[in-house]
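Student: After the structure tokens below, expect a handful of questions from me.
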Amino acid sequence: MVHGGQEALIKDALVFFVAAGLVVPVLRAAKLPAVVGFILAGVALGPSGFSAFSDQVPILEYVTISDPAAAAPLAELGVLFLLFLLGLELSFQKLWALKRTVFGAGTVQAILSAVVIGYGLYLFGLPATEAAIIGLALALSSTAIVMQLMVENKKAATPVGRSSLGVLLFQDILVAPILIFVGFTASRGEADLSTVLIQALFNGLLALIVIIAIGRYLLRHLFRLAVNAGGRDFLMAITLLTVVGASVITYNAGLSLALGAFLAGLLLGETEFKHQTEIDLEPFKGLLLGLFFMTVGLAIDLSVVLDNWQIVLGGLIAMLIIKAILAFIAVRIFAGDTATSLETSFLLAPAGEFAFVIAGAGLAAGSIAVRTSAIVTAIVALSMLVIPASWRLGIWLAKVSSSAPPSHQIPSDFSANEGHIIVAGLGRVGRAVTHILEREQAEIVGLDTNPKTVSHQRALGRQIYFGDGGRKEVLQKAGLAHAGLVVVTLDNQLSAESMVKSARHSRPDVPILARARDADHAQLLYQAGATFVIPDAIEAGLQMSARALEQMGYESEAVQTLITSERETEYRMATEKPDDPKD
């Protein structure tokens, strides 16, 4: 027999799936982002939406959410999967390259925002402890929504995506100390704050060591065992265990659940199971994140907003302005140019999901008044609702700021980057290569000597600069010293050969992939130091041959076999370096 609580849970699940499957697609058709659609659905289906009229219209009880708190654990799983997938897309090498953003821009943005907001609230009459907690809560931004927007729009690997992720990672690290501080305010004098912080630091470091040790020495073997034992079913089970297990370890150490999921993704991203895991988790992540965004909408109490609309609106505007200015300053100093800093600052200006956690902890500790907590929750939820709009404003301001003709000078800080790919030549071939690599979240630094091409590609948000790749100093500023790969797609044969020579002379160990006109040009590029060369003439001939065979009635498999064999022969001849022994 089904109990009342179970009936409510089943009904709430049905309402959610109706919203996800019907309501949100309608809102998307109206050009609203999925994030906004889920939040608006949460507002409409929550206690302060249609449910408020269920006494007058009883049928509304069956199309609204009865117990918003029951969805919270599943919503948090959505955030964990988002951070896990972000970890998969990065690597420890790329993360280390973000250290200046994480500990530079992140520190300045978070601390200054907390101090300015907290002091402002204190001047408006709030007690010092209450003002400090709220300042810390509002200083944080939304990892879930910001990074979801970056991933959806293929911008996670762009300067804006990396700057946002760096600041958000530092904020995530701050969650544990903030919660410790909130707990300390409830037990003033019962414990020594320095002792509590030292214990938390020890537990956190121990948790990180355990996770990294498991990832380095056990994770790959567990995934291989799962694949050999039962394929994708067992692989999914091990993946879920990895995400949840790492999150539990960091949570028990006093750190955030999301940090554990992110570390697990980083570690799994170093293995050969990265891409299959991304594919398997993608639909689950989308649904669970949708549930999270709906819970944000459920948290918006319209009665509080209406009763205190002046405070809520004034607080929202003041917070957005303060955080945008401070985030711009922090990112501009440590992580990017003016355009990047503007776009990033408007992404980070709204508050985030951890503000709910901190405000709830303050309320439970008796350090925040009930009315204050309700107003803060309303401000946070509304600010998360406007993130897509604030981002568009930041994009517009970034375009306005860069409307003047750029100098196309390569910034010196690329010389400190690691693992990026230098692409020389942004013609049709170069653009195709760049597009595919960006889809895999690779960091691209492009070079071209055509000013129109450079301006157009920069307007699209790419890191493309005017420069001759054959010059040693240009390659140095493009970060050749720590680049993971050099791709040369230049049309001009002499320019291509010159760049390959210069890159090989400056960096003997870097892989160089070059495009050649024909087999003779390929020989010259190999002499210049290319690692691998793709001749245009060979590929064009093979593609035309394949089409001709298909028109003659050959089966697809037979065509593929013939073309593969011929490709191997042609490439063996083209890749035969001059000093290689002839057959």
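The values are calculated or read from the model by the stated rules, or taken from the named source; none is laboratory data. These numbers were taken from a predicted model, which means no experiment stands behind them. All Cβ positions, even for glycine, are placed from backbone atoms using ideal geometry, and neighbour counts span all protein chains on display.
Student: Can you confirm whether Asn153 is over 17 Å from Leu257 (Cβ atoms) and modelled with pLDDT of 70 or more?
Tutor: Against the criterion (over 17 Å from Leu257 (Cβ atoms) and modelled with pLDDT of 70 or more), Asn153 qualifies.
Student: Just to verify a result, which residue in the stretch 500-532, among those that are of a type in the set (Ser, Thr, Tyr) and buried (at least 18 other Cβ atoms within 10 Å of the Cβ), is nearest to Gly419 (Cα to Cα)?
Tutor: My answer is Ser502.
Student: Here's another thing I want to ask about it. Report, ordered by the first and then the second residue, all pairs with beta carbons closer than 6 Å, sequence separation of six or more or different chains, a first member in the stretch 442-455 that is assigned to a helix (DSSP H, G or I), and a second member that is surrounded by 21 or more Cβ atoms within 10 Å (Cβ to Cβ) and of a type in the set (A, V, I, L, M, F, W, C).
Tutor: Thr453/Leu426; Val454/Ile464
Student: Could you tell me which numbered condition Ala496 fails, if it satisfies all but one of (1) within 33 Å of the chain's Cα centre (by Cα); (2) within 22 Å of Thr434 (Cβ to Cβ)?
Tutor: (1)
Student: Take the conditions closer than 30 Å to Val400 by Cα and among the basic types (Lys, Arg) and apply them to Arg462. Does it pass?
Tutor: Considered against the rule, which asks whether it is closer than 30 Å to Val400 by Cα and among the basic types (Lys, Arg), Arg462 comes out as yes.
Student: Of everything in the stretch 348-406 that's of a type in the set (Ser, Thr, Tyr) and within 20 Å of the chain's Cα centre (by Cα), which residue is farthest from Thr453 (Cα to Cα)?
Tutor: Looking at residues that are of a type in the set (Ser, Thr, Tyr) and within 20 Å of the chain's Cα centre (by Cα), I get Ser383.
Student: Output the number of the condition that Met294 fails; it satisfies all remaining conditions of (1) at pLDDT below 75; (2) assigned to a helix (DSSP H, G or I).
Tutor: Of (1) at pLDDT below 75; (2) assigned to a helix (DSSP H, G or I), only one is false for Met294: (1).
Student: Now for a different question. So in the stretch 245-263, with the set limited to residues that are in a helix (DSSP H, G or I), modelled with pLDDT under 85 and of a type in the set (A, V, I, L, M), which one is surrounded by the fewest Cβ atoms within 10 Å (Cβ to Cβ)?
Tutor: Among residues in the stretch 245-263 that are in a helix (DSSP H, G or I), modelled with pLDDT under 85 and of a type in the set (A, V, I, L, M), the one surrounded by the fewest Cβ atoms within 10 Å (Cβ to Cβ) is Leu257.
Student: So is Gly166 part of a helix (DSSP H, G or I), within 30 Å of Pro283 (Cβ to Cβ) and not aliphatic (A, V, I, L, M) or not?
Tutor: yes
Student: If Thr377 satisfies every condition in (1) assigned to a helix (DSSP H, G or I); (2) touching a Lys or Arg at 6+ places or on another chain (Cβ under 9 Å) but one, which is the exception?
Tutor: (2)
Student: Among the numbered criteria (1) in contact with a strand residue (DSSP E or B) (Cβ under 7 Å, 6 or more places away or on another chain); (2) surrounded by 22 or more Cβ atoms within 10 Å (Cβ to Cβ), which single criterion is violated by Glu497?
Tutor: Result: Glu497 fails condition (1) only.
Student: Could you figure out which of (1) within 25 Å of His435 (Cβ to Cβ); (2) at pLDDT below 80; (3) in contact with a Lys or Arg (Cβ under 8 Å, 6 or more places away or on another chain) isn't true of Glu576?
Tutor: With respect to (1) within 25 Å of His435 (Cβ to Cβ); (2) at pLDDT below 80; (3) in contact with a Lys or Arg (Cβ under 8 Å, 6 or more places away or on another chain), Glu576 is out only on (1).
Student: Take the residues in the stretch 227-244 that are among the aliphatic types (A, V, I, L, M) and at pLDDT below 80; name whichever of them is surrounded by the fewest Cβ atoms within 10 Å (Cβ to Cβ).
Tutor: Ala229
Student: Given the residues Ser345, Ser341, which is the only one that is of a type outside the set (D, E, K, R), touching a Ser or Thr at 6+ places or on another chain (Cβ under 9 Å) and crowded, with 23+ Cβ neighbours inside 10 Å?
Tutor: Checking each option against the conditions leaves just Ser341.
Student: Checking the conditions here, which among Leu437, Leu480 is out of contact with any Ser or Thr (no Cβ under 8 Å at 6 or more places or on another chain), of a type in the set (A, V, I, L, M, F, W, C) and closer than 24 Å to Asp509 by Cα?
Tutor: Exactly one of Leu437, Leu480 is out of contact with any Ser or Thr (no Cβ under 8 Å at 6 or more places or on another chain), of a type in the set (A, V, I, L, M, F, W, C) and closer than 24 Å to Asp509 by Cα, namely Leu437.
Student: Has the stretch 418-425 got at least one residue that is out of contact with any strand residue (DSSP E or B) (no Cβ under 8 Å at 6 or more places or on another chain), closer than 30 Å to Leu88 by Cα and modelled with pLDDT of 80 or more?
Tutor: Looking for residues that are out of contact with any strand residue (DSSP E or B) (no Cβ under 8 Å at 6 or more places or on another chain), closer than 30 Å to Leu88 by Cα and modelled with pLDDT of 80 or more, one finds none in the stretch 418-425, hence no.
Student: Right, something else. Under 32 Å from the mean Cα position of the chain (by Cα), assigned to a helix (DSSP H, G or I) and in contact (Cβ under 8 Å) with a residue 12 or more places away in the chain, is that true of Val474?
Tutor: Criteria met by Val474.
Student: Out of the residues in the stretch 118-149 that are assigned to a loop (DSSP other than H, G, I, E, B) and without any contact (Cβ under 8 Å) to a residue 24 or more places away in the chain, state the one that is surrounded by the most Cβ atoms within 10 Å (Cβ to Cβ).
Tutor: This residue is Pro127.
Student: Another question about this same structure. May I ask you to list pairs of residues, at least six apart or on different chains, whose Cβ atoms are under 9 Å apart, with the first in the stretch 495-518 being outside the structural domain of Val429 (by TED's automatic domain parsing) and the second being not hydroxyl-bearing (Ser, Thr, Tyr)?
Tutor: Listed by first residue and then by second, the contacts come to nothing, as the list is empty.
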